[in-house]
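Take a look at the structure set out below.
The values are calculated or read from the model by the stated rules, or taken from the named source; none is laboratory data. Every value quoted in this text rests on a predicted model; they were computed, and no experiment measured them. Neighbour counts are summed over all protein chains in view; Cβ atoms, including those assigned to glycine, are modelled from backbone coordinates with ideal geometry. For accessibility, only protein heavy atoms count, side chains too; no ligands or nucleic acids. Shrake-Rupley method; radii C 1.70, N 1.55, O 1.52, S 1.80 Å.
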Amino acid sequence: MTKREDIPGSVFVFGLVSFLTDVASDMVYPLLPVFLTQYLGAGQSFVGLIEGFAESVAALFTLFSGRISDRLRDRSRLVLFGYSLSSLSRPFIAAAQGPWTVFFIRFSDRVGKGIRTSPRDALIADSVAPQNRGKAFGLQRSMDHAGAVVGPLIATLLLATAVKDLRTLFWLTAIPGLLAVALILWKVREVLPEDRPIPEKSAVKLKMPHGKLRVYLAILFLFILSCSSDAFLLLRARELGVRVVFLPLLWMVFNLVKTVTTLPCGILSDRIGRRRTIVIGWFIYAAVYAAFGAARTSGHAWIIFACYGLFYGFTEGSERALLADFSPHHEKGQTFGWYYLVIGLGSLPASLWFGWVWQSLGAQAAFFISAAISLVACVLMLLFMVRYPSARTAQVSLA
């Protein structure tokens, strides 16, 4: 059980903001691949382009917003701007008449995420003791995933009862998005910790990571090359026979597993080490992608999606806590920025090659290649643990 003295109220507020934002986002996301391919005439390659490019460019913003946030007295201003940009742009997917319109709207949504994410994670990391970081990030991510459970459930209920048009459903996502922005305005303010230096009014300079952090990010980049957009998993489920009306429900099951496992796995990382839980998660990922390649029926899709949620449960809180362990207090924003930049730079080629292989060689080949790449990353992570043993809370400077 999460104790109040371990987790401050600000973490719960960020969790609620993430919950509302994901309600809005996941009313759209499980239906977006079908909307692009069946309503707007896009192919699998374009789905890979739109998801990979948006995530990669957004990652550039996570690096710069993280570094800028280290120079601000109140990081919450960047957090507010990022959430506002996403919440205001996302509903306009409903007005799209072609794939490229969705491309630019999705791009704007992800830029908002890029601007807010590093400052938000730095705020969370500064608000808790090092030994509770896994728990704090696990709680925030579990509340985020709870929104990803409720959003598809709302979408399914609306499509089955009151709403027959996807465009109307997309417009309705403005409601939870604006509630999230209002909550930030009402509740989120930063109080600088005593050991964080007063920000200097000097030019923003980026420092390349080195040491353990550089090695870890290099291994992470290889793993991300196996991580194509989850939109392909939804397309695969549709290919296996899952009906369109049930895609949000399938996405809900996936996020329900993420919700119930992220906090316990974050606490587990506080006890057995971040890297051990990350390796477990990466092995699960490899197994899931291999299973998607071998799947034959819609029933297989439901089972594999549920297992896929375990990957996020083991890795999301653990990876963020590991970064906080590796970073000095005055560079946390930048550290998270490098992390999200690596993810973004890997996401574009990952989604592009996956979509190309799918169209050229079929879904099986794409999923099996992804599983092989992720297994190589798992082996490298095990070697990393041998080369840099333990020291879960080591402070590694980016200078």
Restricting segment 380-399 to residues that are modelled with pLDDT of 90 or more and over 23 Å from the mean Cα position of the chain (by Cα), the residue that is most open to solvent (accessible area, probe 1.4 Å): LEU383
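Going by the structure shown, is CYS227 within 22 Å of the chain's Cα centre (by Cα) and assigned to a loop (DSSP other than H, G, I, E, B)?
Numbers: within 22 Å of the chain's Cα centre (by Cα): yes; assigned to a loop (DSSP other than H, G, I, E, B): yes.
Yes: the conditions hold for CYS227.
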Cross-chain or 6+ apart pairs with Cβ under 9 Å, segment 224-240 first and on the phi < 0 side of the Ramachandran plot and touching a residue at least 12 places away in the same chain (Cβ under 8 Å), then open to solvent by 20 Å² or more (accessible area, probe 1.4 Å) and not in a helix (DSSP H, G or I): LEU240/ARG296; LEU240/THR297
Count - residues of segment 14-60 that are in a helix (DSSP H, G or I), open to solvent by less than 30 Å² (accessible area, probe 1.4 Å) and either farther than 15 Å from GLY177 by Cα or in contact with a strand residue (DSSP E or B) (Cβ under 9 Å, 6 or more places away or on another chain) (or both): 17
Subset tally (residues that are open to solvent by 40 Å² or more (accessible area, probe 1.4 Å) and more than 19 Å from THR168 (Cβ to Cβ)) for segment 73-124: 9
Those residues of segment 235-282 which are within 20 Å of LEU220 (Cα to Cα), open to solvent by less than 20 Å² (accessible area, probe 1.4 Å) and in a helix (DSSP H, G or I), in sequence order: THR262, CYS265, GLY266, SER269, ARG274, THR277, ILE278, VAL279, GLY281, TRP282
Residue selected from segment 300-355 under the condition within 24 Å of PRO248 (Cα to Cα) and among the hydroxyl-bearing types (Ser, Thr, Tyr), by the criterion most open to solvent (accessible area, probe 1.4 Å): TYR312
Selection status of PRO209, in a loop (DSSP other than H, G, I, E, B), open to solvent by less than 30 Å² (accessible area, probe 1.4 Å), modelled with pLDDT under 80 and within 25 Å of SER351 (Cβ to Cβ): yes
